[in-house]
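Working notes, structure below.
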Ligand code: PMV
């Protein structure tokens, strides 16, 4: 069987996914909305081969840990079940951005893997089926399958996939990512989701999620930056409040994260269109209209503790680089 290569962008969520109704199926407790990040990507090659004793995984040119290989292998089992392919696979994946520090590398990694592995196994999945498959590797990966701005709905196994609510070209936003640490996070999101229900605040977060989803979707449709800023910062704070108050508590912010957040609030009070959001890590994503991105990125680079700034525009869907 031939080698297939796929590329996918990570995404940044404006309305966050945190906590599952079903951990094994990765069925989320609430819907979420995100934007794909052009310029950042995972590129993944998959080849099923009868000569292999077991699945092999290379990450960024090095041999993966047994835990990483095991997670990919469990995902490949789903593809083998769907396709009837029985052989092991060789997987090589590369990111062009730091893994594990709040840029949701698992989103692009599992979206690219879902596409490359399903095509390498001879499956032709439509976008919804591909998003549903990617979801099983990492929930946020479901949102990296469709292009532009995507909404992933909660629901049962069949109904829980992401679709595009607006194409990348619909709204020229920029994500300026203030990199504060490139270290791997202490508690990954899979373990984190399982703790969400231990926070007394999770029920309140979930009760308000449908309203925030409606507000966020409408703000994207109308290109209403002020409303998007308000609802996305609120949603980020709610998720981190749940993380901090779960048992054990998860604290992803570093002092420099707070410095950046305070600076962005100050810039906004002074009239600049910018807001921030953070995933399960210390790096701060600062969203602004593309026209303000140079100024925002330069301002971020000067703040204490900011190592460097990545810039991304709205990105397209996961795509194949070669045909099976
Ligand atoms: O896809 P996971 O299991 O890595 O979860 C992602 C969780 C957050 O990045 C914190 C939020 C989100 O919606 O992307």
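Bear in mind these aren't lab numbers, they're just calculated from the coordinates by the rules spelled out. Treat the numbers as computed from the prediction; the structure is a model and nothing was measured. Cβ: placed from backbone, ideal geometry, glycine included. Neighbour counts: every protein chain shown.
Observations on the model:
- Between segment 266-324 and segment 18-92, the alpha-carbon center distance in angstrom: 27 Å
- With a Förster radius of 22 Å applied to the beta-carbon distance between residue 96 and residue 320, the computed FRET efficiency rounds to 0.75.
- The C-alpha atoms of the chain define a longest principal axis, and helix 255-269 lies at about 60 degrees to it.
- Helix 66-83 axis, angle to the chain major axis (alpha carbon atoms, nearest 10°): 60 degrees
- Distance distribution note for segment 50-143: the fraction of Cα pairs above 23 angstrom is 19%.
- Candidates 87, 154, 131, ranked by Gaussian network fluctuation over the chain, Cα under 10 Å, top entry: 87
- Structural descriptor for segment 4-168: relative contact order 29 percent, calculated from alpha carbon pairs under 8 angstrom and at least 6 residues apart.
- Debye intensity ratio in log₁₀ form over the Cα atoms of segment 170-314, taken at each q of 0.10, 0.18, 0.19, 0.21 Å⁻¹: -0.35, -1.11, -1.20, -1.33
- Pairwise FRET efficiency - residue 2 versus residue 87, Cβ, R0 = 22 Å, nearest 0.05: 0.95
- Per the Cα gyration tensor, segment 4-168 maps to an equivalent ellipsoid with semi-axes of 24, 17, 14 Å, ordered largest to smallest.
- Computed [θ] at 222 nm, helices only, for the chain once each DSSP H run of length n ≥ 4 contributes -39500 (n - 2.57): -12000 deg cm²/dmol
- Relative contact order (percent, whole number), the chain, Cα cutoff 8 Å, 6+ residue spacing: 27 percent
- Cα long-axis angle, helix 105-120 against the chain (0 to 90 degrees, to the nearest 10): 30 degrees
- Take 218-227, 107-116 and order them by the average number of nearby Cβ atoms within 10 Å per residue, most first; the result is 107-116, 218-227.
- Value of Rg/Rh across the chain [Cα atoms, Kirkwood radius]: 0.96
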